[in-house]
Amino acid sequence: MTQAHPLQWPKGRARTKNRTSSSFKVSPSKAYEEMMDELRRFGVRDVVVSSNIPLRLDGTPYRDGLTDKLPDPGIAIYFTRKKRVVSICCDQYLRPWENVRALGLAVSAFRSMDRHGATQVLDQAFEGFSALPSPDMATDSGQAAWWIILGVDFAATREDINAAYKIRAREAGGASVELNAAKEAGLRARGA
């Protein structure tokens, strides 16, 4: 299950080594409010904003925590869009509010693409943002382990894994990120 605190950075996403200051001209509170407003307008569900900022009783981050210079100021947003769990994240900047602002502007750009008829491009982009579970094991969120995704026994051989992958890909009309990840995890488990 994705938590708002502490930060849960999406698996497989690179981290920024040399962070910088931004030139954003909004207050930290305004940056957070606008990001949440953009997400609401985008029509996504099940939003979780994950960070290292302590949370208030209502589950939102303390506003003064947005300005703190934390060792890890990254922000990750998880949400459901068109039945797909998606994650977007940013740790480019020194303070959490700056990363919040960057993500708010990104969501605004996604909305613009959607409004101007580039929905297919947007859907393709979101395929890469899918929040995949670790395919090595079942997760708390109920998402399936690699052997369940492929429809094989945990003790399946390399040949069984490859054969099941081909069958599932054919049934799905092509390979998907989830199928590829499941195949790779299964082959890794078999020493490949």
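The values are calculated or read from the model by the stated rules, or taken from the named source; none is laboratory data. From a predicted model like this one, the values you see are computed outputs, not experimental measurements. A quick note on method: Cβ atoms are made from the backbone with ideal geometry, for glycine too, and the neighbour counts reach across all protein chains shown. All accessible areas refer to the heavy atoms of the entire protein, side chains included, with ligands and DNA or RNA removed. Shrake-Rupley method; radii C 1.70, N 1.55, O 1.52, S 1.80 Å.
Quick rundown of the values:
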{"item": "Accessible carbon and sulfur surface of the chain relative to its total accessible area, %, 1.4 Å", "result": "52"}
{"item": "Within the chain, helix-based [θ] at 222 nm, where runs of 4 or more DSSP H residues each add -39,500 (n - 2.57), nearest 500", "result": "-13000 deg cm²/dmol"}
{"item": "Length-normalised contact order of region 1-139 in % [C-alpha pairs under 8 Å, at least 6 apart]", "result": "30"}
{"item": "Residues of type lysines that Lys83 reaches as a straight line, Cα spacing below 21 Å, ignoring anything fewer than 8 places off in the same chain", "result": "Lys11"}
{"item": "Candidate aspartates and glutamates for bridging to Lys17, where Cα separation is under 19 Å - those fewer than 8 sequence places away on the same chain excluded", "result": "Asp68, Asp72, Asp91, Glu98"}
{"item": "Kyte-Doolittle mean at least -1.0, axial Cα span of 20 Å or more - DSSP H helices of the chain", "result": "96-115"}
{"item": "Computed over region 47-125, the ratio Rg/Rh where both radii use C-alpha atoms and Rh is Kirkwood", "result": "1.03"}
{"item": "Amide H contacts under 5 Å for Leu7, placed H, 5+ residues apart", "result": "Ser51, Asn52"}
{"item": "Cut-off under 5 Å, modelled amide H: who pairs with Val85 long-range", "result": "Ala131"}
{"item": "Cβ crowding within 10 Å averaged over residues, with 81-90, 12-21, 54-63, 37-46 ranked highest first", "result": "81-90, 37-46, 54-63, 12-21"}
{"item": "Rounded FRET efficiency, nearest 0.05, which uses the C-beta distance separating Ser22 from Ala175 and R0 of 22 Å", "result": "0.05"}
{"item": "Accessible surface, per residue, of the chain when the full set of protein chains is kept, probe 1.4 Å, Å²", "result": "56"}
{"item": "C-alpha center-to-center spacing [region 162-180, region 84-120] in angstrom", "result": "30"}
